[in-house]
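A short worksheet on the structure shown next.
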Amino acid sequence: MMDPCTHRSTTTALARLSRSRCFSIRYRLCPQHPFPAGLLDALVAYLSLLSPAEGALYEAVPAKKIVFAGDSAGGGLCLGLLQTLLTLREIIPSKTIRFHGKDVPLDLPAGIATTSPWCDITRSLPSTFENAKYDYVPPPPQRPGTIFTPLPFPPDHLWPTVPPRVDLYANANMMAHPFTSPAASPKGIWKGGPPMYIAVGEELLHDDGVYMARKAHRDGVNVVLERYEGMPHCFALLAPNVPQSQRCLKGWAKFCVDTVHDRVKGCGEAQFFNHSLTKTDIRSLDDIGTLTDDEVEKLIKAGRDWRIDGEHLLQKVWKEQELDS
């Protein structure tokens, strides 16, 4: 779902409010292009800004002038791309990568700016069900205790895949990896990362953003977290003219400007706005959420394991049918 065309109004608003350029990527989508296709496209796009191909019609953009921005799955992709860069910098002694015939430094962007980021693709955290009454996004139709099965889409040349998998985005065994579900990342993995902006509503993915913010904060990252009471998934994009969306869009753009100019200073606090924006509750990032980091990881990994079992059974049936035919 979605494309640079569907997000034109949002990218235009961000560009206008931040007085900056916006590079919107048409990355490959699942199910025909599962993980890591979209992540690879995002990495290539970033490297193309850092080191353009010969004859390109634009000049190289320094990493310190780039902010990764995205909503929902795009927000999760921004975090997955940052984790990819952090990992590559950790395992490659030179901290460079060969691209367009050059050794390109794997410099980190100036910041990460997301709204309603999807940080748990297993959708196992409590808000997935608890906040369903506030959101238009439906909760998952299944819960653990059943055999996990794919959504019953009409079959075509794209779905089901061969061999079959239970999830549109990735193989089941990858669904708790930090590149796909950043909220499941182990302690210390975000250390050295750039500042982050995360805005969420009272939505199904509320816990994704909140626990991601807390995890990054505890790893030493400067985090700006804003939570809007009663607002649904990606509210700033869906209803850009309501006051809450205007506040969010301005905060989103302001963060992009501030982080490029190194003006984001971590204070360890989150802002919780009431429905009318007349009251702001300031909370410590260390104290938000009712689950521990270990409990968050345990829930996401249980969601992964549930899908692994379902995928094994699905592939077993498929293999038997292939032999019979």
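The values are calculated or read from the model by the stated rules, or taken from the named source; none is laboratory data. Keep in mind that this is a model prediction, so the values were computed, not measured. Methodologically, a virtual Cβ is constructed for each residue, glycine included, from the backbone with ideal geometry; neighbour enumeration extends over all protein chains shown.
For the range 278-319, filtered to residues that are of a type in the set (Val, Ile, Thr) and not in a helix (DSSP H, G or I), the residue that is farthest from Met212 (Cα to Cα) is Thr278.
When Arg123 is tested against (1) in a loop (DSSP other than H, G, I, E, B); (2) within 19 Å of the chain's Cα centre (by Cα); (3) on the phi < 0 side of the Ramachandran plot; (4) surrounded by 14 or more Cβ atoms within 10 Å (Cβ to Cβ), only condition (3) is not met. Figure legend. Inter-residue proximity from the range 8-21: first residues surrounded by 12 or more Cβ atoms within 10 Å (Cβ to Cβ), second residues not in a helix (DSSP H, G or I), beta-carbon distance below 6 Å, spacing 6+ or different chains. Indicated pairs: Thr11/Cys22; Thr11/Ser24; Leu14/Cys22; Ala15/Cys22.
Look at the range 57-82 and say how many of its residues are among the acidic types (Asp, Glu) and over 22 Å from Arg8 (Cα atoms). Don't jump to the end; show me each part of the working.
Residues of the range 57-82 among the acidic types (Asp, Glu): 59, 71.
From what is left, the residues that are over 22 Å from Arg8 (Cα atoms) are 59.
Selection size over the range 57-82: 1.
Say whether the condition of being surrounded by fewer than 15 Cβ atoms within 10 Å (Cβ to Cβ) and on the phi > 0 side of the Ramachandran plot is met by at least one residue in the range 85-93. Taking every residue of the range 85-93 in turn, none turns out to be surrounded by fewer than 15 Cβ atoms within 10 Å (Cβ to Cβ) and on the phi > 0 side of the Ramachandran plot.
When the residues of the range 44-53 are filtered to those that are part of a loop (DSSP other than H, G, I, E, B) and within 26 Å of the chain's Cα centre (by Cα), the one that is surrounded by the fewest Cβ atoms within 10 Å (Cβ to Cβ) is Pro52. Among the residues of the range 210-236 satisfying the criterion of being in contact (Cβ under 8 Å) with a residue 60 or more places away in the chain and assigned to a strand (DSSP E or B), which is nearest to Ala110 (Cα to Cα)? Once the filter is applied, the top-ranked residue is Val223.
Lys265 falls short on exactly one of the conditions (1) outside any helix (DSSP H, G or I); (2) over 25 Å from the mean Cα position of the chain (by Cα); (3) among the basic types (Lys, Arg), and that condition is (2).
Does at least one position in the range 155-169 carry a residue that is aromatic (Phe, Trp, Tyr) and outside any loop (DSSP other than H, G, I, E, B)? Spell out how you get there, then give the answer.
Initial filter on the range 155-169 (aromatic (Phe, Trp, Tyr)): 159, 169.
Okay, now just the ones that are also outside any loop (DSSP other than H, G, I, E, B), so none.
Checked against the condition, which is being aromatic (Phe, Trp, Tyr) and outside any loop (DSSP other than H, G, I, E, B), the range 155-169 yields no hits at all.
Yes/no matrix, rows are residues, columns are (1) without any contact (Cβ under 8 Å) to a residue 60 or more places away in the chain; (2) among the aromatic types (Phe, Trp, Tyr); (3) touching an Asp or Glu at 6+ places or on another chain (Cβ under 7 Å); (4) in a strand (DSSP E or B):
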| residue | (1), (2), (3), (4) |
| --- | --- |
| Leu39 | no, no, no, no |
| Gly55 | yes, no, no, no |
| Val61 | yes, no, no, no |
| Ala69 | no, no, no, yes |
| Gly74 | no, no, no, no |
| Leu77 | yes, no, no, no |
| Gly80 | no, no, no, no |
| Leu86 | no, no, no, no |
| Asp103 | yes, no, no, yes |
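Within the range 273-288, residues that are of a type outside the set (S, T, N, Q) have Cβ atoms under 6 Å from residues that are at pLDDT below 95 and surrounded by 12 or more Cβ atoms within 10 Å (Cβ to Cβ) in these pairs: Ile282/Glu269; Leu285/Gly268, counting only partners at least 6 apart in sequence or on another chain.
If Ala15 passes every condition in (1) outside any loop (DSSP other than H, G, I, E, B); (2) closer than 19 Å to Leu108 by Cβ; (3) not hydroxyl-bearing (Ser, Thr, Tyr) but one, which one does it miss? Only one criterion in (1) outside any loop (DSSP other than H, G, I, E, B); (2) closer than 19 Å to Leu108 by Cβ; (3) not hydroxyl-bearing (Ser, Thr, Tyr) is unmet by Ala15, namely (2).
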